[in-house]
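The structure under discussion appears below in the form of structure tokens.
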Amino acid sequence: MNLCKYIKLFVLLILFSQLQSKTLTVGQNQMFSDLKTAVKIAVDYDTIIVFSGYYKLNKLNINKPLTILGKNNPILDATNKSELIVINSDSVTLKGFTLQNIPNNFTEDWAAIRLNKSRYCLIEDNHIYNSFFGIYLNRSLNCMIKHNKIIGKAKKEFDAGNAIHLWYSDNALIENNYAGKHRDGIYLEFTKNSRIVFNTSENNLRYGLHFMFCDNNVYKKNIFRFNGAGVAVMFSKNVNMHSNVFSDNIGSSSYGLLLKDIVDSKITKNIIKNNTIGIHADGASRCFIKNNEFSKNGWAIRILGSSVNDTIFENNFFSNSFDISTNSTFNKNYYINNYWSKYTGYDLDKDGIGDIPYRPVKLFSYITANSKESLILLRSFFVTLIEFAESISPIFTPQNLIDNYPLMNPVKCWK
Amino acid sequence: MFKVFKYSLFDQTRSKWIYLYTLFFFLVSYAMLYLNNDLMSGLTNLLNISLLICPLVSIIFGTMYFYNSREFTDLLLAQPIKRTTILLGQYFGLSSSLSLAYLLGNLIPFILYGVIVSDIFISFIMLLIAVVSLTFIFSGFAIMISLITDNRIKGFGFSIFLWLFMTFIYDGIFLLTLFLFSDYPMEIFSISVTMLNPVDLARILIMLKLDITSMLGYTGAVFNKFFGSETGIMISSITLIFWLFMPVILSMKIGKRKDF
């Protein structure tokens, strides 16, 4: 019986070995001296190994499923003449290269690696320097972009490209990449069901991450910092933002996280610190903001009147200049069980919940909205005095914007 | 001058009020740190309290001290010592003892809570510098008021009004003006008005460190330049130094002409 099994297996193995693809090598004293000929000669599902070295290359089209591996980081240089690698086929793997010097081209959006309608591709362990666009996915489904380091040359927003750019490319996995000095770190448009995890996006001119019309996406454990305007998530529903760090986005129109027309999304366990505006919610509805830490922001949450039915629950607010600000006198969102470091109430029954409600919107944020220069009076006694008067009988601030059960101690959920 | 300064300082150390002042700040900052368990919020609370209490104590305690030591001053004036020497000695004696009391009261709890290794150390130092400057400025006002009028009740009235004006009324008028003229560009106006009040100036100096994220949220070129670069700190520091000298020089002028 056992023997029969082994024989079957042996026969199968032999059959598979017949199917096995060839391996081609590129490099000095190898089968090929340049990648282009190797790609031309290779047949479907072959593997090309490129040995370390410096290769000048312009526009390499890959029209068949290949696995192209770089050994010890070979450098492919476009020498500021053209774009570099264009993948037009399914199931291409590109791994372990350094790609550099791709010039700007505004009509074709030149990129270091471009995928046109290719499915099941893997782009891994590449370093991309000095490129207009880094990795550009155009209608490419089910692709993976992992462990890439993309550092650009962007100086001005209008002549810069994005590090990772996805256009109609559903089911993507973007993992463990570093994107810096581009216009947007990671840009997604019309891209559904994707996962963006463990990436770092910093020093980008515009957004660290930019979402447009992208439903059902998850992004978690990313770090977005020192970007021009933080992270923007727009016109999408069902987005899950989990355990990210949004920090150090400072400037007059700068946000940690910008929500624009977002529905049914979850924002949980994020750390949002040192931003001018932590979360700017404009038309964010039915969102669930839970267990986030807001610290040292100018405005922790600026929630506009267009945002309704949001739940702000069990968050920590530490030392923000303003905790919540709004432009509306009505409140249609729920604030409950948050920890506010400015809360001055007491807890006589010792259940961990303050006995008097907390009003997170201060009169002063209303004043600054009307006369911006008065910001200079922040922390002045006169302001404290009128804020106190307002908190006793609210006239200008929304009466029902209130946390009825504020926590006495911070929520612990990050360690 | 140093001798008068020394006697004045020793005189202060015999006063129980200065110890109460130290103890007050020790208890306040310790309690705040204990209750918040967070240096940052402790610092912001301390900022609020210091900006209120320190000018008040300096000006009231100062006026009281100068009125009470009037006989001693008269005695000194009979000696072959220059008037300015006596007045300056007493001024420095008062203001440095108050500053020392403040520093001692706050440094101990904050150091115990590890401010030196924390990231707000510079903000904390900034706070101390600003408040010590305020102490000096308001002691200067105290000596000035005690020289202007010999009537104690009047003197106290003046000093309380001055404190009230600098801490509350000024900001109230300022805010009202900003509101009334909100259609006009008020950036340069608001910065210069802030410079004209030492309490606001001290607040701005600390805010440049503490609240820079929100300050840069305002879209105005002048604010951005003021808060976004070293310009803000430079201008505020220079103005603060001017404020340090102003009341003292005025008092010396009044003191020279005064008929004791």
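The values are calculated or read from the model by the stated rules, or taken from the named source; none is laboratory data. This one's a predicted model, so the numbers in the text were calculated from it and none came from an experiment. A quick note on method: Cβ atoms are made from the backbone with ideal geometry, for glycine too, and the neighbour counts reach across all protein chains shown. For the accessible areas, the whole protein counts, side chains as well, though only heavy atoms, and no ligand, DNA or RNA atoms are used. Shrake-Rupley method; radii C 1.70, N 1.55, O 1.52, S 1.80 Å.
A few points about this structure:
- Charge sum, other residues only, whose C-beta stays under 14 Å from A:Phe132's C-beta, Lys/Arg counted +1 and Asp/Glu -1: +2
- Fraction of accessible area attributable to carbon and sulfur, chain A (%, probe 1.4 Å): 54
- Amide H contacts under 5 Å for A:Asn148, placed H, 5+ residues apart: A:Asp125, A:Asn126, A:Asn177, A:Tyr178
- Of the residues B:Phe189, B:Phe138, the one with the largest accessible area comes first in the ranking B:Phe189, B:Phe138, computed with a 1.4 Å probe on protein heavy atoms.
- Convex hull volume per residue, computed on the Cα atoms of segment A:294-347, equals 88 Å³.
- Normalised by 2.2 N^0.38 Å, with N the number of residues, the alpha-carbon radius of gyration of the protein assembly as shown equals 1.27.
- Where B:Met186, A:Met408 fall by accessible area, highest first, once all protein chains stay in place (1.4 Å): A:Met408, B:Met186
- Unit charges at the beta carbon, dipole of the protein assembly as shown: most positive-side option, B:Ile191, A:Ala389, B:Ile148: B:Ile191
- Label-to-label distance, nm, for residues given as B:Asp259 and A:Ile395 (7 Å Cα→Cβ offset): 5.3
- Karplus (6.51, -1.76, 1.60) ³J(HN,Hα), θ = phi - 60°, over segment B:107-116, in Hz, Gly and Pro reported as x: 4, 4, x, 5, 5, 4, 8, x, 6, 5
- All lysines inside 20 Å of B:Lys16 as judged from Cα atoms, apart from same-chain residues fewer than 8 positions distant: B:Lys6
- Dipole magnitude of the protein assembly as shown about its Cα centre (Cβ charges: Lys, Arg +1; Asp, Glu -1), debye to nearest 20: 1280
- Residues of segment B:167-181 buried by at least 10 Å² on assembly (accessible area, 1.4 Å probe, chain alone as reference): B:Thr167, B:Phe168, B:Asp171, B:Gly172, B:Phe174, B:Leu175, B:Leu178, B:Phe179
- Mean projected area (nm²) of the alpha-carbon convex hull when segment A:21-228 is viewed from all directions: 10.2
- Shape call, segment B:111-222: gyration tensor on alpha carbons, a/c limit 1.5: oblate
- Theoretical gain in end-to-end length, A:Phe106 to A:Asp34 [0.36 nm per residue, Cα-Cα removed]: 23.0 nm
- Charge sum, other residues only, whose C-beta stays under 12 Å from B:Ser236's C-beta, Lys/Arg counted +1 and Asp/Glu -1: 0
- Taking every protein chain into account, the accessible area of chain B amounts to 46 square angstrom per residue (probe 1.4 Å).
- Computing FRET efficiency as 1/(1 + (r/R0)^6) for B:Lys209 and A:Asn240, where r is the C-beta to C-beta distance and R0 is 35 Å, gives about 0.45.
- Per residue, the convex hull spanned by the Cα atoms of segment A:126-260 amounts to 82 cubic angstrom.
- Reduction of at least 40 Å² in accessible surface, 1.4 Å probe, comparing all protein chains with the chain by itself, residues of segment A:373-387: A:Glu373, A:Leu375, A:Ile376, A:Leu377, A:Leu378, A:Arg379, A:Phe381, A:Phe382
- Pair-distance distribution of segment A:251-298: all C-alpha pairs, bin width 10 Å, starting at 0; shares per bin in whole percent are 27, 54, 19.
- Annotation for B:Ile173 and B:Phe121: the two label points, set 7 Å from Cα along the Cα-Cβ direction, are 4.2 nm apart.
- Membrane-span-like helices of chain A, defined as complete DSSP H segments with a Cα extent of 18 Å or more along the helix axis and a mean Kyte hydropathy of at least -0.5, are identified as A:2-19.
- Segment A:186-293 - Kirkwood radius from inverse mean 1/r over Cα pairs (Å): 13.1
- Subtracting the Cα-Cα distance of B:Arg70 and B:Leu196 from 0.36 nm times their residue separation leaves 42.2 nm of extension gain.
- Surface per residue (accessible, 1.4 Å probe) for segment A:21-228, Å²: 41
- Using only alpha carbons, segment A:19-125 has a radius of gyration to Kirkwood radius ratio (Rg to Rh) of 0.95.
- Heavy-atom accessible area buried between chains B and A is around 3000 Å² (1.4 Å probe, both sides summed).
- The lysines whose alpha-carbon is closer than 18 Å to the alpha-carbon of A:Lys273, local same-chain residues fewer than 8 away aside, are A:Lys220, A:Lys221, A:Lys290, A:Lys296, A:Lys342, A:Lys412, A:Lys415, B:Lys209.
- Segment B:2-257 - percent of accessible surface contributed by carbon and sulfur, probe 1.4 Å: 73
- For segment A:112-165 and segment A:224-253, distance of Cα centres in Å: 20
- Cα centroid separation, segment B:217-234 to segment B:83-117 (Å): 31
- With the charge dipole of chain A set up from +1 on Lys and Arg Cβ and -1 on Asp and Glu Cβ about the Cα centre, the Cα lying farthest toward the positive end among the listed residues A:Cys4, A:Leu375, A:Gly354 is that of A:Cys4.
- Kirkwood estimate for segment B:2-257, i.e. one over the average of 1/r between Cα atoms, Å: 19.5
- Net charge contributed by nearby residues that have their C-beta within less than 14 Å of A:Arg379 (K/R +1, D/E -1): 0
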